[in-house]
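Worksheet for the structure shown next.
The values are calculated or read from the model by the stated rules, or taken from the named source; none is laboratory data. All values derive from a computational prediction rather than experimental measurement. Methodologically, a virtual Cβ is constructed for each residue, glycine included, from the backbone with ideal geometry; neighbour enumeration extends over all protein chains shown.
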Amino acid sequence: MRTLTRRPLGPLAAAVLLAAAGCGSDIPLRLAPVRGTVSFQGKALDHGQVVFAPQGETPGPQAVGTIGPDGTFRMTTAGEDGVVLGTHLVTVHCRREVSEEEARNLIIGESLIPDKYCKESQSPLKFEVKEGPNEYPIVLE
């Protein structure tokens, strides 16, 4: 007789399961709007993503925001505006844009910011999402 061992889900697997669950979930997520800006060495980043990963007792999926040309971002969770209330570890991702040829060859552009901001295991960025609008200026050094 074989015994199956449970393994934790990775972020991608968790996202797929959440997407499959869709809007029919019986567990409502309490979201609050989160907006902000991202700057590196005193200048606004003009592209990239911000990711909020729930920590500790905070439930729910990750939230993602796209960084606009002026450095601003707005977070969404599972297609809804906002982030789950609670504590989140924050990562920022900003890479050199690749040429069409590089993209065809599956080349990924180099990070334009220090690696510590891109990795959950190293990011010093944390944010507490509370009821009501939240503003989060992210200053990278």
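Is there a residue being at pLDDT 95 or above, over 15 Å from residue 65 (Cα atoms) and either in contact with a His (Cβ under 8 Å, 6 or more places away or on another chain) or not charged (D, E, K, R) (or both) anywhere in segment 89-104?
No, the conditions are met nowhere in segment 89-104.
Read through the list (1) at pLDDT 80 or above; (2) surrounded by 15 or more Cβ atoms within 10 Å (Cβ to Cβ), then give the number of the only condition that residue 30 fails.
All conditions are met except number (2).
Each row is one residue, and each column tells you yes or no for (1) touching a residue at least 12 places away in the same chain (Cβ under 8 Å); (2) assigned to a loop (DSSP other than H, G, I, E, B).
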site	(1), (2)
87	yes, no
90	yes, no
102	no, no
108	yes, yes
123	yes, yes
127	yes, no
132	yes, yes
136	yes, no
139	yes, no
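Among the residues of segment 123-132, is there at least one that is surrounded by fewer than 18 Cβ atoms within 10 Å (Cβ to Cβ), farther than 15 Å from residue 38 by Cα and of a type in the set (A, V, I, L, M)?
no
Of all residues in segment 33-68 being among the hydroxyl-bearing types (Ser, Thr, Tyr) and surrounded by 17 or more Cβ atoms within 10 Å (Cβ to Cβ), which is modelled with the lowest pLDDT?
That would be 58.
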